[in-house]
Amino acid sequence: MSNIANNSRPPEAVYIHIPFCTNKCFYCDFNSYVLKDQPVMDYLHALDREMELTVKENPPGVINSIFVGGGTPTVLKPDEMEFFLKSIRTHFPNWNKDIEFSMEANPGTTVRDKLEVMKAGGVNRVSFGVQAFQNELLEGIGRIHNVDDVYRSLENARAVGLNNLSVDLMFGLPNQTVEMLAESIKKALELDLPHYSIYSLKVEENTLFHTLFNKNKLPLPNEEDELQMYLLLMSSMEEAGYNQYEISNFAKPGKESLHNITYWRNEDYYGLGAGAHGYARRQRHVNIKGVNPYIEASRKGLPRLNTYTISEEEAMEDFMMVGLRMRAGISGAAFQAQFGKTMEDVFGKSLHKMLNAGLLEQENGIYRLSKQGILFGNDVFGEFVGALTEV
């Protein structure tokens, strides 16, 4: 689907943000807040109002994917979860029969009765933030769960009939060795799940890790070890029959994350909740971040911090940067259908530079990262920022 189609039809994907966590992980710069004393039901009512106002302004069609992220959505109590899921169904009633309805979860916050409420409310895919299979590493990054919680949470999910499960792992963690990552990958693969996301640690501003890093007190793996970690996870996943469909994501055939593919194809989506981003008809918006300011703003109208139109140049750059994250690559025909220009006319210089450097490969009008390009993805994506040639 191209964004020409998107410009005349509503988004088919919904992102909803639940900003509460039991605690703040040491590496996290997401818009999240420790749960204690937060006005959770007030927030859920505000979300309900935002959904109501959003669909009045931009009525939904058939929804193909819903993704509830955070924070930790599974910190909601069963009655809160039930109210929240009913809100979604009320305002976005028309679901594709094969909808992917994902919710992020923390091991340790997924007791069986809550999972039953989730399943009854339509959730059919759960993504667990596991990060590592060593308790000392989990403690060192500020996670509240331990390895036993991981197994118990997955068992609870399967017991209520939730089988489309994913886990997140991380590499490049403080004090993590290549051998530790190898053990985590082995244990993760023994779970025989349909999907795995594996991310490298990024030290972000306004985190405890950033403070420690600046004081030279964050014992990160060296660059060579981090490269070995990434090569190891790619080879391990391939050997186990998982397709690396995006730089950090691996799936069994047909189990790729439909919702994330919406982002990587630069397609439209509703964005709801504190600090959420949305994109529809070439307009991006960002919501007010804080919980109480978001609640207050929702009483008066849409809780927008900013809304702005994406220029054609920016849309073309986004198409290249996010599309090249996918191993399937980007299609010249899709680019031309969306923008009425050829990719070569617009980005010829950058494309040829990356092809000559061996970081891109091209076949039948499709450009994709080469095996070498996967390792230097950020260099490739950066090449298309502000790189527009005269059209």
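None of the figures in this text is laboratory data; all of them are computed from the coordinates on show. This structure is a prediction, so every number in the text was calculated from the model and none was measured. Cβ atoms come from the backbone with ideal geometry, glycine included; neighbour counts cover every protein chain shown.
Each Cα pair under 8 Å and six or more residues apart adds its separation to the average, and for the chain the resulting relative contact order is 17 percent. Database remark: amide H of Thr72 closer than 5 angstrom to the amide H of Phe20, Cys21 (H placed geometrically; neighbours at sequence offset of 5 or more, or on other chains; Pro and chain starts carry no H).
Among the cysteines of the chain, Cys21 have no other cysteine beta carbon within less than 4.7 Å of their own.
Phi angles of the range 323-333 translate, via the Karplus equation with coefficients 6.51, -1.76, 1.60 and θ = phi - 60°, into HN-Hα couplings of x, 6, 5, 7, 5, 5, x, 10, 9, x, 5 Hz per residue; Gly and Pro are given as x. Cα-based values for the range 1-86, radius of gyration first and Dmax second, are 15.2, 45 Å.
Two numbers describe the Cα atoms of the chain: Rg and Dmax, which are 21.1, 59 Å. A cut-off under 13 angstrom between Cβ atoms defines the neighbours of Lys119, and their net charge, with Lys, Arg +1 and Asp, Glu -1, is +1. Structure remark: mean-square fluctuation, Gaussian network model of the chain, C-alpha springs under 10 Å; the largest value among Ala357, Ala334, Ala188 belongs to Ala357. Comparing Ser102, Ser235, Ser184, which has the greatest mean-square fluctuation in the GNM of the chain with Cα pairs linked when under 10 Å apart? Fluctuation is largest for Ser235. Working note: Karplus 6.51/-1.76/1.60 with θ = phi - 60° gives the range 349-355 the couplings 4, 5, 4, 5, 4, 6, 5 Hz, where Gly and Pro are set to x. Cross-link pairs exceeding 19 Å between alpha carbons, from the set Lys24/Lys114; Lys186/Lys252; Lys97/Lys255; Lys24/Lys255; Lys24/Lys202: Lys24/Lys114; Lys24/Lys255.
Amide H contacts for Gln131 (H built 1.01 Å from N in the peptide plane; partners 5 or more residues away or on another chain; cut-off under 5 Å): Asp168, Leu169, Met170. If R0 is 41 Å, the Cβ-Cβ spacing of Glu344 and Glu57 corresponds to a FRET efficiency of close to 0.60. For the chain, the 222 nm mean residue ellipticity estimated from helices alone, with every DSSP H stretch of n ≥ 4 adding -39500 (n - 2.57) and the total spread over all residues, rounds to -12500 deg cm²/dmol.
Along the range 212-222 the Karplus relation, 6.51 cos²θ - 1.76 cosθ + 1.60 evaluated at θ = phi - 60°, assigns HN-Hα couplings of 5, 4, 5, 8, 6, 10, 10, x, 7, x, 6 Hz to successive residues, with x for each Gly and Pro.
Farthest toward the positive end of the dipole of the chain, out of Gly348, Leu227, Asn249, is the Cα of Asn249, where the dipole comes from beta carbon charges about the Cα centre.
Straight Cα distances below 28 angstrom link Lys300 to the lysines Lys36, Lys56, Lys77, Lys86, Lys289, with same-chain residues fewer than 8 positions distant left out.
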